[in-house]
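The values are calculated or read from the model by the stated rules, or taken from the named source; none is laboratory data. Bear in mind the structure is a predicted one, so any value in this text is a computation, not a measurement. Heads up, the Cβs are rebuilt from the backbone with ideal geometry, glycines too, and the neighbour counts pull from every protein chain shown.
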Amino acid sequence: MYNILIITIAKILNFFAKILGKILKKDNGNLLGKIIKKISPNILTKFKINCPVIAVTATNGKTTTNNAIKYMIEKNGKKVVSNTEGNNMETGIITTLLKNCTITGKIKADFITLEVDESYVPVVFKKIPLDSLVVLNFFRDQLDRNGEVETLILKINEFLKTYSGNLILNNDDPNVVRLGKANKNNKNVYYFSVDKYKYATKNQTEAGEGKFCPFDDTKLEYEYYQYSHIGKFKCPKCGYGDEELFIKIENVDLENMSFEENGEMFFTKANNIYTIYNFAAVISIAKLYNLNAIDALKDFKLNNGRSEEIDINGVKTIINLAKNPTGANVSLRMLNEDKEEKELLFVLNDNPADGLDVSWIYDINFETVNVKRIITSGKRAYDMAIRIKTSFFDKDNIEAYLSIEEAVKSLYSSDVKKYVIANYTALQPTRKALLEYKKETKKE
Amino acid sequence: MRELKLLYLYPDMLELYGDYGNIQVLKYRLEKRNINLIIDRYSIGDKKPDFTSYDIVFAGGGADNEQSILSKDLIKFKDDIKEAIKNGVFFLLICGAYQLFGKYYKGVEGNIIPGLGIFDYYTEAIKDRSKRCIGNIVLEVNLNGDKYEVIGFENHGGQTYNVKNCFGKVLVGNGNKFEDKEEGYFINNVIATYLHGPLLSKNPKLTDYIIEYCLKRKYEEEIKLEPLDDTFEEKCREELFKVLEIKKEIR
């Protein structure tokens with residue numbers, strides 16, 4: 001009876017929040033969960049879930065992968081409940097489930113797919129049953145907020161010691177593979193891998209973690225690096241890294257946006273290596289649940305500042321989110337692999353959600369960046385300009401503007417192709433400024 | 001062409017907070033003045049470096065685990081490093097490296113990582129893991145008699161005690177300990193500090209102080225550095241002073 005009451009309150013609140021949200025033009029992705037959690041701290045345990053729950057966690061790629069899994073399952077004719085907007089902490093997940101449950105707390109769906117913040121995996125799945133957990137990668141990320149990567153990995157490792165559901169792991173990240181050893185009795189550990197691609201390197205070219213074997217502190221040996229510390233590694237002492245593969249992606253062709261898996265050709269909309277890894281996870285899930293992934297991956301595209309392409313008065317513009325060094329480096333990798341003439345706008349904020357420390361921009365490889373002009377903006381526009389200048393990029397081709405509107409205006413003073421990279425809180429204001437600029441200049 | 005030689009210690013282990021950027025900034029400000037910077041790297045397993053043959057030695061901050069692995073290696077060079085400091089080689093030590101040059105680092109569980117013991121200070125981790133000195137920090141530093149505000153970012157759980165000559169007075173932020181008035185350690189040719197940012201990126205005068213010191217020592221003559229276009233640096237500093245002072249008033 002109590003549960004029904006709480007959920008009723010939630011439903012009523014949600015109704016008003018929707019109206020209020022529309023008036024205030026504010027997102028209510030966490031608010032409802034926050035309020036209800038105050039009233040009923042264990043609300044997550046009250047839901048009646050009778051379908052498999054699939055979760056994705058990682059430093060980078062959570063939102064894309066979760067959305068792709070949802071899209072894939074729906075293409076197979078099933079009903080999915082998911083937190084597709086990236087509200088990945090406990091309150092965001094509560095909100096998602098509240099919005100999609102009956103008055104008795106029943107979730108009517110064939111699958112629930114969730115992206116979950118790394119540090120919330122143990123918190124959330126103590127309270128709701130978990131059928132499959134996908135772990136994509138661990139990179140350094142907002143050190144002043146999250147602390148060292150190692151602390152996060154240990155948290156998830158602790159949770160996995162008593163977990164015996166499906167565990168789908170990226171075999172090319174030494175920080176991830178170790179999680180497969182957390183529970184020796186779990187027979188449901190599956191590894192996926194992507195074979196060496198065209199721009200893989202012999203040496204590590206981007207900042208990364210996982211240099212030492214987690215079991216005996218020996219320096220790991222790499223056959224090649226795909227990006228950051230993702231690649232084919234092995235511990236020369238204990239052999240760590242030699243796992244049997246469940247899914248192996250081969251013949252990655254980024255120009256034609258295709259790859260092969262077990263003899264089958266996949267055509268996608270992804271022209272970068274890190275998205276191929278996300279898709280390898282999607283294919284793993286498809287195989288585990290006997291679903292088809294080929295059709296879904298053919299047209300899956302997430303248009304929310306994740307390699308999003310827009311046309312601004314005939315000028316092709318690609319927007320990409322980059323919250324940490326690896327995110328920025330893979331974006332620049334994509335830019336460098338594109339041989340067309342282009343310019344770059346980099347927007348950097350230091351709001352609490354971004355992390356207050358901007359030192360990480362020195363882990364971005366501007367030394368090899370292949371553009372004519374770079375414009376910086378955001379609260380830390382000048383820090384960014386200094387970073388780019390000290391990489392010996394000609395300072396006369398760098399412009400810094402605190403105001404995003406001014407930055408955008410200057411960006412389109414030429415009509416070559418544009419790449420836009422923005423960090424977390426900078427992304428939506430940047431998209432907005434771009435779209436508004438498009439609207440304004442169209443009228444003229 | 002003139003040149004300076006820099007030794008970069010443990011680049012694969014002490015590289016967590018973008019501290020490499022300090023070398024990048026040094027290189028930039030040297031090369032814009034037609035002075036070459038040669039960078040040699042040393043890490044575990046490499047041939048022992050000849051510390052006294054360098055003009056600058058640099059080391060940064062790393063993850064806890066990696067710091068305890070390398071402390072054993074570093075201690076082998078204690079006498080050579082002492083000799084180099086006596087000789088006037090410039091040492092720039094950030095965060096973890098700052099701690100490693102002191103007597104010891106005592107971890108949360110009471111475990112002791114021995115330091116080089118070259119300086120008298122020592123560091124103890126705060127018991128509560130969630131408590132760290134984190135945030136933007138501004139110091140007032142004395143560079144050859146000139147006062148200069150040094151801007152950076154601190155992120156450390158360790159509390160450093162018994163520092164004889166601090167690097168600077170804290171204007172905004174914590175310093176060697178929670179709500180301390182002093183930050184870092186500074187003698188003529190050693191700067192040891194918690195400041196990331198990276199330290200040199202927002203403080204061109206500090207970078208030039210180090211460059212001048214090294215050139216003077218190497219070429220034994222008065223050095224007048226050619227001024228560079230520091231428009232971005234000046235605007236960056238102005239903006240941060242503005243933001244941080246507003247925050248100071250709210251406090």
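Listed by position, the helices (runs of 4 or more DSSP H) contained in the range A:1-82 that have at least 1 residues being of a type in the set (Phe, Trp, Tyr) and modelled with pLDDT of 85 or more are A:62-75.
Residues that are within 15 Å of A:ASN137 (Cα to Cα), at least 3 per element: which strands (runs of 3 or more DSSP E) completely within the range A:161-269 meet that?
Details: elements: A:166-170, A:189-194, A:221-227, A:230-234, A:245-253, A:258-261, A:264-267.
It comes to A:166-170, A:189-194, A:221-227, A:230-234.
Within the range B:11-25, the set of residues being at pLDDT 95 or above and either in a loop (DSSP other than H, G, I, E, B) or at the interface with chain A (Cβ under 8 Å from one of its Cβ atoms) (or both) comprises B:GLY21, B:GLN24, B:VAL25. For B:ILE113, the conditions (1) within 23 Å of B:PHE167 (Cα to Cα); (2) not in a helix (DSSP H, G or I) are fulfilled apart from (1). The single condition among (1) away from chain B (no Cβ under 11 Å); (2) hydroxyl-bearing (Ser, Thr, Tyr); (3) farther than 29 Å from B:PRO11 by Cα that A:THR368 does not meet is (3).
Facing chain A (nearest Cβ under 10 Å), of a type in the set (Phe, Trp, Tyr) and without any contact (Cβ under 8 Å) to a residue 40 or more places away in the chain, is that true of B:PHE232?
Details: facing chain A (nearest Cβ under 10 Å): yes; of a type in the set (Phe, Trp, Tyr): yes; without any contact (Cβ under 8 Å) to a residue 40 or more places away in the chain: yes.
It is true that B:PHE232 is facing chain A (nearest Cβ under 10 Å), of a type in the set (Phe, Trp, Tyr) and without any contact (Cβ under 8 Å) to a residue 40 or more places away in the chain.
What tally of residues in the range B:26-73 results from selecting those that are hydrophobic (A, V, I, L, M, F, W, C) and at pLDDT below 95? Show your work before the answer.
So in the range B:26-73, the residues hydrophobic (A, V, I, L, M, F, W, C) come out as B:26, B:30, B:35, B:37-39, B:44, B:51, B:56-59, B:63, B:69-70.
Filter once more, so that each one left must be at pLDDT below 95: B:44, B:63, B:69-70.
The number of residues fulfilling the criteria is 4.
Picking from A:GLY305, A:GLY314, A:GLY378, which residue would you name as being surrounded by fewer than 18 Cβ atoms within 10 Å (Cβ to Cβ), on the phi > 0 side of the Ramachandran plot and either of a type outside the set (Phe, Trp, Tyr) or away from every other protein chain (no Cβ under 14 Å) (or both)?
Details: A:GLY305 fails: surrounded by fewer than 18 Cβ atoms within 10 Å (Cβ to Cβ); A:GLY378 fails: surrounded by fewer than 18 Cβ atoms within 10 Å (Cβ to Cβ).
Exactly one residue qualifies, and that residue is A:GLY314.
Go over the candidates A:LYS62, A:LYS38, A:LYS75 one by one and state the one that is without any contact (Cβ under 8 Å) to a residue 12 or more places away in the chain, outside the structural domain of A:TYR424 (by TED's automatic domain parsing) and out of contact with any Pro (no Cβ under 8 Å at 6 or more places or on another chain).
Numbers: A:LYS62 fails: without any contact (Cβ under 8 Å) to a residue 12 or more places away in the chain; A:LYS75 fails: without any contact (Cβ under 8 Å) to a residue 12 or more places away in the chain.
Result: A:LYS38 is the single residue among A:LYS62, A:LYS38, A:LYS75 that is without any contact (Cβ under 8 Å) to a residue 12 or more places away in the chain, outside the structural domain of A:TYR424 (by TED's automatic domain parsing) and out of contact with any Pro (no Cβ under 8 Å at 6 or more places or on another chain).
Inspection of the range A:417-430 finds no residue satisfying the criterion of being surrounded by fewer than 18 Cβ atoms within 10 Å (Cβ to Cβ), free of Cβ contacts under 8 Å to residues at least 60 places away in the same chain, among the polar types (S, T, N, Q) and not assigned by TED's automatic domain parsing to the domain that holds A:ILE273. For the range B:29-72, residues that are surrounded by fewer than 17 Cβ atoms within 10 Å (Cβ to Cβ) and in contact (Cβ under 8 Å) with a residue 60 or more places away in the chain total 2. Scanning the range B:73-110 for residues that are assigned to a helix (DSSP H, G or I) and surrounded by fewer than 17 Cβ atoms within 10 Å (Cβ to Cβ) yields B:ASP73, B:ILE75, B:LYS76, B:LYS78, B:ASP79, B:ASP80, B:LYS82, B:GLU83, B:LYS86, B:ASN87.
Scanning the range B:101-142 for residues that are among the acidic types (Asp, Glu) and modelled with pLDDT of 90 or more, we see that the one that is farthest from B:GLU66 (Cα to Cα) is B:GLU140. Of the residues making up the range B:31-47, those that are under 21 Å from B:ASP64 (Cα atoms) and at the interface with chain A (Cβ under 10 Å from one of its Cβ atoms) are B:SER43, B:ILE44, B:GLY45. Residues that are assigned to a loop (DSSP other than H, G, I, E, B) and within 23 Å of A:ILE285 (Cα to Cα) do not occur anywhere in the range A:141-159. Restricted to the range A:151-172, and to residues there that are closer than 22 Å to A:VAL330 by Cα and either in contact with a Gly (Cβ under 7 Å, 6 or more places away or on another chain) or free of Cβ contacts under 8 Å to residues at least 12 places away in the same chain (or both), the residue that is nearest to the other protein chains (Cβ to nearest Cβ) is A:ASP172.
Report yes if some residue within the range B:41-50 is assigned to a strand (DSSP E or B) and over 20 Å from B:ILE187 (Cβ atoms); otherwise report no.
Among the residues of the range B:41-50, at least one is assigned to a strand (DSSP E or B) and over 20 Å from B:ILE187 (Cβ atoms), which makes the answer yes.
Table: residues versus (1) away from every other protein chain (no Cβ under 14 Å); (2) touching a helix residue (DSSP H, G or I) at 6+ places or on another chain (Cβ under 8 Å).
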residue	(1), (2)
B:GLY115	yes, yes
B:HIS156	no, no
B:LEU171	yes, no
B:GLY175	yes, no
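How many residues are more than 14 Å from chain B (Cβ to nearest Cβ) and either closer than 29 Å to B:ASP12 by Cα or of a type in the set (S, T, N, Q) (or both) when one looks only at the range A:175-206? Lay out the reasoning, then the answer.
The initial filter retains those residues of the range A:175-206 that are more than 14 Å from chain B (Cβ to nearest Cβ), namely A:176-177, A:179-202.
Okay, now just the ones that are also either closer than 29 Å to B:ASP12 by Cα or of a type in the set (S, T, N, Q) (or both), so A:176-177, A:179-183, A:185-186, A:188, A:191-202.
Residues meeting the conditions: 22.
For the criterion of being in contact with a Pro (Cβ under 7 Å, 6 or more places away or on another chain) and farther than 21 Å from B:GLU66 by Cα, A:PHE125 fails. Tell me yes or no: at least one residue of the range A:279-296 is outside any helix (DSSP H, G or I) and touching a Gly at 6+ places or on another chain (Cβ under 9 Å). Scanning the range A:279-296, I find no residue that is outside any helix (DSSP H, G or I) and touching a Gly at 6+ places or on another chain (Cβ under 9 Å), so the answer is no.
Consider A:GLU90 carefully, then state whether it is assigned by TED's automatic domain parsing to the domain that holds A:ASP295, under 23 Å from A:TYR163 (Cβ atoms), at pLDDT 90 or above and of a type in the set (Asp, Glu).
Numbers: assigned by TED's automatic domain parsing to the domain that holds A:ASP295: yes; under 23 Å from A:TYR163 (Cβ atoms): yes; at pLDDT 90 or above: yes; of a type in the set (Asp, Glu): yes.
In short, yes.
Of the residues screened, A:LEU44 is not one that is over 17 Å from A:LEU130 (Cβ atoms), surrounded by fewer than 22 Cβ atoms within 10 Å (Cβ to Cβ) and not aromatic (Phe, Trp, Tyr).
Within the range A:117-161, being of a type in the set (Val, Ile, Thr) and in contact with a helix residue (DSSP H, G or I) (Cβ under 8 Å, 6 or more places away or on another chain) holds for A:VAL121, A:VAL123, A:VAL124, A:ILE128, A:VAL134, A:VAL135, A:VAL149, A:ILE153, A:ILE156. Put simply, of B:TYR28, B:TYR8 the only residue that is within 12 Å of another protein chain (Cβ to nearest Cβ) and either in contact with a strand residue (DSSP E or B) (Cβ under 8 Å, 6 or more places away or on another chain) or outside any loop (DSSP other than H, G, I, E, B) (or both) is B:TYR28.
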